[in-house]
Amino acid sequence: MTRKKPLFSIITVTFNAASVLPPTLKSIKEQSFTDFEHLIIDGASQDNTLDIAHSAGIEQMIIHSEPDKGLYDAMNKSIARANGTFLIFLNAGDS
């Protein structure tokens, strides 16, 4: 099955962001516009960031978790993985 290209790729870069990620996920889940993918690009968090992301119930979410070389490395990885026509960076803790 070919996946439809989303209009937007919403990108959230995380590393040990469990304390700030929930409001961001809540904001995305409450969107009425659904033509997006939500990429979580995680730097191999050691807290429960990934558990929180997995349990958010956002069907458009795609999670990638691996060590990176910092914020800009993670952002560059996300750009390479994004499928949307437009990219939006939404930091953990933002809504």
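The values are calculated or read from the model by the stated rules, or taken from the named source; none is laboratory data. Small disclaimer: the values here were computed from a predicted structure and weren't measured. We place every Cβ from the backbone using ideal geometry, glycine too, and count neighbours over all the protein chains shown. When the accessible area is computed, the model is the full protein with side chains, heavy atoms only, and any ligands, DNA or RNA have been set aside. Shrake-Rupley method; radii C 1.70, N 1.55, O 1.52, S 1.80 Å.
Observations on the structure shown:
- Only the Cβ atoms of Lys and Arg (+1) and of Asp and Glu (-1) were treated as charged; on that basis the dipole of the chain about its Cα centre amounts to roughly 320 debye.
- Bridging of Lys69 to aspartates and glutamates at a Cα separation below 15 Å is possible for Asp42, once same-chain residues fewer than 8 apart are set aside.
- Mean residue ellipticity, 222 nm, helices only, the chain: the sum of -39500 (n - 2.57) across DSSP H runs of n ≥ 4, divided by residue count and rounded to 500, is -7500 deg cm²/dmol.
- Accessible-area value, Asp68, 1.4 Å probe, nucleic acids and ligands omitted, Å²: 50 Å²
- Extension gain, Asn48-Asp73: 0.36 nm per intervening residue step, less the Cα-Cα distance, totals 6.8 nm.
- Distance-filtered residues of the stretch 22-39 - backbone nitrogen under 17 Å, label point 7 angstrom along Ile62 Cα→Cβ: 34-39
- Selection from Ala80, Gly93, Asn16 lying farthest towards where the dipole of the chain points positive, charges on Cβ: Ala80
- Accessible area expressed per residue, the chain, with surrounding protein chains retained (probe 1.4 Å, Å²): 59 Å²
- For semi-axes √(5λ) of the Cα gyration tensor in Å, computed directly from the structure shown, the correct entry in (i) 20, 16, 11; (ii) 34, 17, 12; (iii) 21, 15, 11 is (i).
- Solvent-accessible area assigned to carbon and sulfur over the chain amounts to 54 percent, based on a 1.4 Å probe.
- Annotation: lysines with alpha-carbon distance below 20 angstrom to Lys29 (same-chain offsets under eight excluded): Lys4, Lys5.
- In plain terms, the chain from Ser19 to Asp35 could stretch by 3.0 nm, reckoned as 0.36 nm per residue minus the Cα-Cα distance.
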